[in-house]
1. Please tell me if Ser230 is free of Cβ contacts under 8 Å to residues at least 12 places away in the same chain and under 27 Å from Asn275 (Cα atoms).
2. In segment 356-365, which residue that is in contact (Cβ under 8 Å) with a residue 12 or more places away in the chain and loosely packed, with under 15 Cβ neighbours inside 10 Å is farthest from Phe313 (Cα to Cα)?
3. Working only within segment 45-66, note down all residues that are closer than 14 Å to Phe80 by Cβ and not in a strand (DSSP E or B).
4. The conditions are (1) aliphatic (A, V, I, L, M); (2) under 30 Å from Pro312 (Cα atoms); (3) out of contact with any Phe, Trp or Tyr (no Cβ under 7 Å at 6 or more places or on another chain), and Ala245 fails exactly one of them. Which is it?
5. Could you say whether any residue in segment 30-41 is at pLDDT 95 or above and of a type in the set (D, E, K, R)?
6. Just wondering, is there one or more residues in segment 285-292 that are without any contact (Cβ under 8 Å) to a residue 24 or more places away in the chain and either surrounded by 16 or more Cβ atoms within 10 Å (Cβ to Cβ) or part of a strand (DSSP E or B) (or both)?
7. Within the group Tyr117, Tyr97, which residue is surrounded by 16 or more Cβ atoms within 10 Å (Cβ to Cβ), in a loop (DSSP other than H, G, I, E, B) and modelled with pLDDT of 95 or more?
8. Within segment 360-377, how many residues turn out to be assigned to a loop (DSSP other than H, G, I, E, B) and over 15 Å from Trp329 (Cβ atoms)?
Amino acid sequence: MVDRTPLVAVGLAWLMLASNAAADFSHSGSLKNLSAGSRSLVDEDRYFSNLTRLRLEPRYRYEDWVLDAAYDLELVTGSFLDSPEFALLREVPDPRYWDLQGDVYESGDVLARHQLYRGTIQWRSPAGDFRFGRQQVNWSTALIWNPMDILNPVSPLNLEPDERIGVDAVLWDSPWGATGRISAVHALQHSDKEASTAARAKRFVAGVDASVMIGDFAGTTKAGVSGSSSVAGTGWRTELVWSEADTGDGYWQGVADLNWAYRNGFNLALEYFYNGQPARPGNLDLLRLVSTRPLYTGRHYIGLLAWQDINPFWQYRVVVIRNADDASWVLYPRSTWTLPFKREIYLTAGAQWFGGDDDSEYGRLEPVGLMELQWFF
């Protein structure tokens, strides 16, 4: 049973701030409907999934204290609820420390659930900023693959690229001179072996935005460096991370990126990803469902990312990935339109196509289609 004492403290502090006339309260939210269709990799039956999510985001600010939250209420319907993939997902334990998520109602056709997606208390002190609670901690700057994003890793194939599950952690962040910052984080877990503690220093040096990171992440020691800058109109980013588990096995992961921004709003990035720990291809498709980290069977990957705001009402984003070891590939286009209403409403359509041999990493996957409608209020 998880000790909810810190959560009670958060709630009491929230109420005290809310009752103070000097406290500044604001709120926002969104309503999203995401529909996706594909074919099961287990029984080859087609499935359809429909997710409706109401997200409420209140904020309290009082002097040097800020309380942020994002509460989700979700309704899932469709034949995906009867798929083997969904049955496997239901058996996966939530990796977060606090039990702040759960089912409201479940039947054969409907699943209603809720969660505290984000919930933090932030104190701006003379010694730096302290943030406690469920949050996102991302130290990566790369565009497709993110080796430096240790606590919130996400796959390039995610149907919701901006969504990260978050961690329950304590974060300290402080300025370092005029152009730098120093950060330290401790992510809570039920055992010391599963917890994570790390520090990062970041500074602008000789025209390069450079950083160094070191820490212990769930029993694996990691050390990494990153840098980004531009030369003659060409931007570049790089990340290199060394990982060594308690067993003594070590490996590298790294990214090198070149990117260009044109006057017409078109942006292009080419990225190389090296993966020093390939996963076994056997049941990789199902392992990806239960793993908290992206898995890759190859060592060498090439990626292309293109995006453009064609006008204030239309933007697109295209990701192309190729596994250079087995020649399999992914094409993932998304297009978003701002609908002509007074409300802030966006319509997104996208798809994922895969190619390669039937036993290759991406060639075995089935195409995915998605449609998303989101209203911000």
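The values are calculated or read from the model by the stated rules, or taken from the named source; none is laboratory data. Since we're looking at a predicted model, the values are computed, not measured. Glycine gets a Cβ as well: all are built from the backbone with ideal geometry, and neighbour counts include every protein chain shown.
1. For Ser230, the condition - free of Cβ contacts under 8 Å to residues at least 12 places away in the same chain and under 27 Å from Asn275 (Cα atoms) - is met.
2. Taking the candidates together, the pick is Asp359.
3. Asp45
4. (2)
5. The answer is yes, given that some residue of segment 30-41 is at pLDDT 95 or above and of a type in the set (D, E, K, R).
6. The answer is no; no qualifying residue exists.
7. Of Tyr117, Tyr97, the one residue that is surrounded by 16 or more Cβ atoms within 10 Å (Cβ to Cβ), in a loop (DSSP other than H, G, I, E, B) and modelled with pLDDT of 95 or more is Tyr97.
8. Of the residues in that region, 1 qualify.
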